Every structure is written in structure tokens, then in C-alpha cells.
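The values are calculated or read from the model by the stated rules, or taken from the named source; none is laboratory data. Keep in mind the model is a prediction, meaning the values are calculated, not measured. Cβ: placed from backbone, ideal geometry, glycine included. Neighbour counts: every protein chain shown.
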Amino acid sequence: MAKILLIDDEQGMRQVISKILTPAGQGHIVLFADSGPEISAVCERETPELVLMDVRLPDMEGSDILAAVRKVRLDVPIIVLPGFIETDAAVALVRKGCFGYISKPFKIEDFVKLVNRALASRSKPVSAPSTSASLPQKPHPVAPSRKVSKTAGRPVRQNRISVKLPSLKIILPVISVGIIAAAIWFVIERPLSEAEFSVVYQNPSAIFCAGKNIFVSDWMAEEVYKHKNNRIVSVDSIYKVPGESPVGIAFDGKYLWTCNSFQQKISKHNVDKTLSVAATFNSPGPSPCGLLYDGKNIWSLDFQQAKIYKHKMDANLSVDQSYDSPTRNPKGIFKAGRYFYIADAETNRIFKLSDDSFSIHGIYNFQQDTDLKNHISGMGFDGKSVWICYDGMQKLFRRPLKSLKPVRI
């Protein structure tokens, strides 16, 4: 049993790490800190034997966090826990003396192995930055004025024309019908404008649209939120899914599906008060990260292998076909007509692919979102608009599909 300090300000990650390493998991004691003063205080008071650290805090960058630890505990091994698109920052920290890194979301087995190796290295002091520190293999990228005609100068004879106007009693009903028809089109047929909606959860990881509802998962809090697709996107229900850490969700009309990168599995849930698990399947790739039901098949993405899998709806959820993803970090998928749309979490670009050969028919982005530093974590389509969530961002974004702008490569 060892004392392990986790430096992270996200409650969900604290819960996940604690569940893995505490007595119910590996039997360790997990301590927490989320600021410079707390880091110093815990290191002096508790003398941790291992430090796990995020690449940044709200008021500190990775190098500052590392310096705060080393100021008090020069010899403690440190493991960096970056998001899967933050590996460059993690590598830089390892070169400054950290033991190693593992990207989130990680496989529990790999995480535990790295923790054990770091603990076993405690007899070897880390007194200076070393470029020979343990560097896990970087995953496969874990995206005119109008002219008016002039008449001749001759005078124009004006003739009086007698026109018999229809009865006002006839005109009014016609006008009324026109107004009503226009109002119906405005409310029902017109594409909804773009909008942003604040949400209470901190780590939205997947999103899909089902009829009048929007479903969003939070992988750290292990929750699924059911929103009404109305003007304020109000919350209708909250489901707890302990142990699932959903990074992909879909609905086939009867069952809700989730995928879990930690445990490399895809789960089928009953749509009851607890989303009880009806069946569990091994994912074909090591890092499932997105799901889609197209009316016939379940599709899954794998961000480490950059793969797209088409599954049969059989007892084993067996793979019918697999495709190489044109995106380096596929994350988020929906289908509109005969095209699939897949987001690349690294660049936030959206690839339009034909549904027969998966050939690229266009690469796009939403220009209003190009300044965001967060990365797409999920996408859904309600028939008119694209719904997007971004990693670590407490907002949902609604963007008309027609507002996608081509990207010049």
C-alpha cells in the first residue's frame, strides 16, 4: 500500500482514479491537490510515494506543477495524465524528469501496470531531469447598383383603368390562411438557428439525438443526461451508469448502447430507471470512442487504431466490416442521408464520407467554433441541425448542417 497524490481539479477524474487505486481497487491511499499551495502542503505533510498529475490546472501549467512538486519532493516518481490529444505536453514533462505518461481515457490494466512500475522505481532517486525516462509509445492519433431603364423624354398619356376589387370579406380569409401557413413553416419547417446551451456536467463525452430528445454522456461522472429538444434544452432525466465511463452512446429504438475505453467494451442497456445492462461485448479495438445506430447496424469508432467498425446485430455484436478512418482521432459520428460525418478530435475538422465506400466527399468545420481550444468529443444529428459537445466544456452547441464550411487542405 502506498500514498499516491493526484493533482487534478476535475472531480470526475478524482473519482475514477480513487476507485481504481483505493482499498476497493489496488489498496492504496489517494490524496488530492488542485493548486500550488495544496501541492506543497500535501507533499510536506503526507510524503507521497507517487504523484499523478494533469498537464494543467486552472492557474498552473504542467511545468509549474512539476516545479511545485520537485521543490518539496525531489525523489518522488511522477506520472502525467494528459488527454489523448495532449501527448506532446506530456512528452515534454517526461523529458523534464517525470517517470512516464498515460493518456486519458486509458485502459485500467495499463494504468495499474504503469503505477506499479513507478512505485517499484522509488529506490532510484530522480534528482535531475532525464531524457531516458519511461515514454509510453505515443498512440496512433489518441481534427452594383441596379440599373433602371430610362424612358424617352416624350410625355406619356395616362389612361384610367377601372379594376373591380374583390370583396374584402373574400380577401381577409385568404390573407389569414397565408399568415397561418407562413407561421407553420416558420415553426416547423425552417432550420433552427445556431445556439449554445450551458449544462451542469463538466465532461461531455458523447451525444446523440433520438426524436424529441438529446442524450449526452459524461464519462468521468459516469452519467447519461436526457434533454428535451426544446428552446432551452431542459433536462428530462439523469441516469447513473457506475462502472461504464461512457465515451460513446447510441439508441436503436429499444436499447441504449454505450462504449467504455477503460474496459474495452460495448454495453447494451435496458431503457429503465437505472439503464441496467442487458449485455456486454468486447470492443474490436482497444479504445472505443463513438457509437452510431443507422437503423440497421451499430457502428463503433476506435481512436487509437483510427478504425470504423460496422457491427452485425447478432448475439455477439460481431464485426461485419471494418474501415480505416480518414481522421487521425475519430470522435463523434452521425449519418445524414447517404453520408456519414465523422469528427477528428485533433483538428475539429468534420469529414463527409459516402456510405458505400467511405470515400471522402468533403472536409469541413464550423467556422464559429474554430477559435475554441477544446476538442470535439461527440456529435449528433436531429434531422436539421448538428449537435456538438467539446471535451471539458460545459456547453452544447447546435449548428445547422448547412453552416458547415469547406476546409482548404
With respect to Ser357, is the statement that it is of a type in the set (S, T, N, Q), in the same structural domain as Lys402 (by TED's automatic domain parsing) and surrounded by fewer than 22 Cβ atoms within 10 Å (Cβ to Cβ) true?
yes
Within segment 38-49, is even one residue hydroxyl-bearing (Ser, Thr, Tyr), under 29 Å from the mean Cα position of the chain (by Cα) and assigned to a helix (DSSP H, G or I)?
no
Residue in segment 61-72 that is in a helix (DSSP H, G or I), among the acidic types (Asp, Glu) and surrounded by fewer than 18 Cβ atoms within 10 Å (Cβ to Cβ) present
yes
For segment 318-368, enumerate the residues that are assigned to a loop (DSSP other than H, G, I, E, B), more than 19 Å from the chain's Cα centre (by Cα) and among the hydrophobic types (A, V, I, L, M, F, W, C).
Phe358
Six or more apart or on different chains, Cβ under 8 Å: which pairs go from a residue in segment 244-267 that's assigned to a loop (DSSP other than H, G, I, E, B) to one that's among the basic types (Lys, Arg)? Could you list them?
Ser261/Lys107; Phe262/Lys107; Gln263/Lys107; Gln264/Lys107
Residue hits (segment 250-275; out of contact with any Lys or Arg (no Cβ under 9 Å at 6 or more places or on another chain) and of a type in the set (A, V, I, L, M)) are Ala250, Ile266
Candidate set: segment 281-317, residues that are assigned to a loop (DSSP other than H, G, I, E, B) and basic (Lys, Arg); chosen: the one surrounded by the fewest Cβ atoms within 10 Å (Cβ to Cβ)
Lys296
Scope segment 377-404; condition more than 16 Å from Cys209 (Cβ to Cβ) and out of contact with any Leu (no Cβ under 8 Å at 6 or more places or on another chain); matching residues:
Asp391, Gly392, Gln394, Lys395, Lys402, Ser403, Leu404
With the first residue restricted to segment 4-33 and required to be closer than 21 Å to Ile65 by Cα, and the second required to be among the polar types (S, T, N, Q), Cβ contacts under 6 Å at 6 or more apart or on different chains are Gly12/Asn203; Val30/Ser18; Val30/Thr22
Filter segment 219-247 down to residues that are modelled with pLDDT under 90 and within 16 Å of Gln202 (Cα to Cα), then give me how many there are.
5
So is Asp34 out of contact with any helix residue (DSSP H, G or I) (no Cβ under 8 Å at 6 or more places or on another chain) and either of a type in the set (Val, Ile, Thr) or over 24 Å from Ala221 (Cβ atoms) (or both) or not?
no
Determine which single condition Ala250 fails, assuming it passes every other condition in (1) of a type in the set (Gly, Ala, Ser); (2) at pLDDT 95 or above; (3) over 30 Å from Glu194 (Cα atoms).
(3)
Scanning segment 361-384 residue by residue, the ones that are of a type outside the set (S, T, N, Q) and touching a strand residue (DSSP E or B) at 6+ places or on another chain (Cβ under 6 Å) total 11
Quick one: how many residues across segment 284-314 are of a type in the set (Gly, Ala, Ser) and modelled with pLDDT of 95 or more?
1
Is it the case that some residue within segment 86-103 is outside the structural domain of Gln304 (by TED's automatic domain parsing), part of a loop (DSSP other than H, G, I, E, B), under 24 Å from Tyr390 (Cβ atoms) and out of contact with any Phe, Trp or Tyr (no Cβ under 8 Å at 6 or more places or on another chain)?
yes
Residues of segment 249-290 being polar (S, T, N, Q) and farther than 24 Å from Asp324 by Cα, in sequence order, are Asn270, Thr274, Ser276, Thr280
Output for segment 15-34, where each listed residue is of a type in the set (Gly, Ala, Ser) and touching a strand residue (DSSP E or B) at 6+ places or on another chain (Cβ under 7 Å)
Ser18, Ala33
